[in-house]
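Everything on this sheet refers to the single structure shown next.
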Amino acid sequence: MEVDPAGNHLKRRRVLVVDDAAMMRRWMEIKLGDTYEVSLAADGEEAVAMALLVRPDLILLDVEMPRMDGFATCRALRALPRTVRTPIILVTSRTEPADVENGFVSGCTDFIGKPVDEVELAVKIESWMAAADARHFAARHFAAR
């Protein structure tokens with residue numbers, strides 16, 4: 001657990017990585033594990049269950065998966081009160097305009113194409129988490145008035 005300069009324990013942000021490819025899940029876990037608490041799911045059904053259990057701050061979601069593809073998983077996550085506002089980034093090789101449109105219609109927040117660029121991944125995760133933090137702060141601040 002991280003500690004701030006005053007010695008207070010800081011909660012690590014949680015990222016749920018969903019991909020049917022074990023190598024991709026492991027790669028993401030290695031790249032993100034020093035900064036985030038990483039949870040892994042191998043398909044959409046497992047992702048929905050895991051999201052309810054770990055309450056991730058952000059979800060990285062593959063599109064082409066067995067049992068429930070990423071578009072259906074995104075719709076299912078958006079239907080849940082706990083994940084309705086959680087940033088969901090689709091990580092996929094399907095980057096044709098129709099696929100991008102389908103992703104946004106299903107409720108995704110952003111896209112990252114495969115092969116994944118490490119810098120793009122880091123920047124998008126940090127940007128969307130910062131935006132979510134600002135939204136939560138504003139909601140708490142203005143609700144108190």
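What pairs come out if I take residues in the range 107-118 that are surrounded by fewer than 18 Cβ atoms within 10 Å (Cβ to Cβ) and part of a strand (DSSP E or B) and pair them with residues that are modelled with pLDDT under 95 and of a type in the set (D, E, K, R) whose C-beta lies under 9 Å away, six or more apart or interchain?
From the range 107-118, the pairs are Phe111/Asp99; Gly113/Arg94.
Across the range 11-35, what is the number of residues that are under 15 Å from Met129 (Cβ atoms) and either of a type in the set (Gly, Ala, Ser) or in contact with a helix residue (DSSP H, G or I) (Cβ under 8 Å, 6 or more places away or on another chain) (or both)?
The number of residues fulfilling the criteria is 6.
Among (1) modelled with pLDDT of 95 or more; (2) farther than 24 Å from Val105 by Cβ; (3) among the polar types (S, T, N, Q), which single condition is Thr73 missing?
It fails just one condition, (2).
Which of the helices (runs of 4 or more DSSP H) contained wholly in the range 5-80 include at least 1 residues that are in contact (Cβ under 8 Å) with a residue 60 or more places away in the chain?
Ranges flagged: 22-32.
Quick one: what pairs do we get from the range 85-102, first residue free of Cβ contacts under 8 Å to residues at least 12 places away in the same chain, second surrounded by 13 or more Cβ atoms within 10 Å (Cβ to Cβ), C-beta under 8 Å, 6+ apart or different chains?
Val100/Phe111
Select, from Leu90, Leu58, Leu77, the only residue that is more than 18 Å from Leu121 (Cβ to Cβ), within 13 Å of the chain's Cα centre (by Cα) and crowded, with 20+ Cβ neighbours inside 10 Å.
The conditions single out Leu77.
The values are calculated or read from the model by the stated rules, or taken from the named source; none is laboratory data. Just so you know, these numbers come straight off a predicted model, no measurement behind them. Note that each Cβ is placed from the backbone with ideal geometry, even for glycine, and that neighbours are counted across all protein chains shown.
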